[in-house]
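Colleague: Shown below is the structure under consideration.
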């Protein structure tokens, strides 16, 4: 039933402009172009090349990309089940699988093409091999775990966050005398070697083609929130974590109970592998080092761990002899499941056709060899038209970080003789955020005519401008 829900109505709602930008980058690579040289993108190259590979094997389109994310998420859930079975038992794994797949963040972001579900899948593969290595003392498992974490990081930088908790767990093992310093160094070395291979390989290959890779890619993330003081960064992170806890009260409360249960379990050995689950949430502390805004989806790397711990906490309550604890556990799970089901149901039934209509308008006036400028690269993907290089990766982050300026728009519009400009006029949109945007509006008055005023797409409203020389 859950698998069917993930697959149903998969492409009927196409307004996700982050996703559209990723699809656009993959489409440009599919056409033989190079990221960060022929077009800009804040995404890691391995992610964009994965989308391009899907387009090569099938054809460019939103359905195949979303289907890939869904199938990967379902495979992730199986890995989660086997992790729960390895650490605890099959009941814990199965309940964790249900908690994971019913979570609204997982459902929402796994039904679109973005790096997060791929990162989560690889993090789970890494955790599975880490557990196998700890239980069976198989050294190659640590290398494979590192390799998977390296791949996760190559899709999204947050993929490395779980390793912070793993490192704390290993230090704990050393402090309680469960492992020697030599064994700790050996595990760290094998995991670290695996971790380094994919990121250095993919980024190194692109760096040979694009020497400014660091500025375009890593700089995009580090420059967000530039100028923030340490206290502002700390306050931002605390607010972000508190908001997540408030909006996920049952999940976080039961996670806390799960952590308590593995810490106080008298039947486990002093550094049993189940304790790694108590340390993994510490990865959230790394947000306190990043001077940028956090979004709920940035917590996705923790949801599998939270699911396992919530499952552990619920089953602990179910095993109590007192009836009221069993009733409370059933009530908490029911409220969690039905709340997420309602959110997922609402999301799954969304439909719109204005994106397709807007794409048809673009195709009618802009030829395949001509250029388009729009608030969102998603419109360029859906219409299969190109945007000038310097502004194709524009986002709120690139504007606030100073990577995209109004001068870039003015220069590229003239250099590439942009045929059509689509600007959101409702006070939102990325172009309106540009410092000095009045200079761009003046250029539109001088060299463009308003073809379609106030085109509505759900809550968005666009003005569509066509160059005066165009018929």
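Bear in mind that the values in this text are calculations on the coordinates, not laboratory data. The structure presented is a predicted model; accordingly, all values stated were derived computationally and were not measured. Every residue, glycine among them, receives a Cβ derived from its backbone with ideal geometry; neighbour counts consider all protein chains shown.
Colleague: Beta carbons within 10 angstrom, averaged per residue: use that to sort the peptides 253-262, 340-349, highest first.
Modeller: Ranked from most to least packed, the peptides come out as 253-262, 340-349.
Colleague: For 365, 376, 140, what's the fewest-to-most ordering of other Cβ within 10 Å of each Cβ?
Modeller: 140, 365, 376
Colleague: Determine, from the Cβ-Cβ distance of residue 405 and residue 246 and an R0 of 56 Å, the FRET efficiency 1/(1 + (r/R0)^6), rounded to the nearest 0.05.
Modeller: Rounded to the nearest 0.05, the efficiency is 0.90.
Colleague: Using a Förster distance of 41 Å, how high is the FRET efficiency between residue 417 and residue 288, based on the Cβ-Cβ distance and rounded to 0.05?
Modeller: 0.30
Colleague: Could you work out the percent of alpha carbon pairs in region 41-161 separated by over 16 Å, rounded to a whole number?
Modeller: Everything past 16 Å amounts to 64 percent.
Colleague: For region 345-411, I need the span (max minus min coordinate) of the C-alpha atoms along each principal axis, in Å, sorted largest to smallest.
Modeller: That gives 40, 32, 12 Å along the principal axes, largest extent first.
Colleague: Along the Cα-to-Cβ line of residue 469, 7 Å from the Cα, sits a label point; which residues in region 416-438 have backbone N less than 12 Å from it?
Modeller: Answer for this model: 416-419.
Colleague: Something else about it: Under 25 °C and 0.890 mPa s, how fast does the chain diffuse according to Stokes-Einstein, given a Kirkwood radius computed over C-alpha pairs? Answer in µm²/s, whole number.
Modeller: Result for D is 102 µm²/s.
Colleague: Grab the Cα-Cα distance for residue 428 and residue 189, subtract it from 0.36 nm times how many residues apart they are, and report the gain in nm with one decimal.
Modeller: Full extension from residue 428 to residue 189 adds 81.3 nm.
Colleague: Using Cα pairs under 8 angstrom and six or more residues apart, how large is the relative contact order of the chain, in percent?
Modeller: 18 percent.
Colleague: Shifting gears a bit: 7 Å from Cα along Cα→Cβ at both residue 459 and residue 197: what's the point-to-point distance in nm?
Modeller: Rounded to a tenth, the inter-label distance reads 4.5 nm.
Colleague: Right, here's the next one. If packing is taken as the mean number of other Cβ atoms within 10 Å per residue, what is the order of 278-285, 119-126, 170-177, 50-57, highest first?
Modeller: Top of the packing list down: 119-126, 278-285, 50-57, 170-177.
Colleague: Measure nothing but the geometry: give the 0 to 90° angle between the long axis through the Cα atoms of 17-30 and the longest principal axis through the Cα atoms of the chain, rounded to 10°.
Modeller: Taking Cα atoms only, the helix is inclined about 80 degrees.
Colleague: Taking 0.36 nm per residue of separation and subtracting the Cα-Cα distance, what length does fully extending residue 9 through residue 324 add?
Modeller: Separation in residues times 0.36 nm, less the Cα-Cα distance, equals 109.4 nm.
Colleague: Angle between the Cα long axis of helix 230-247 and the longest principal axis of the chain, 0 to 90 degrees, nearest 10?
Modeller: For helix 230-247, the angle is close to 70 degrees.
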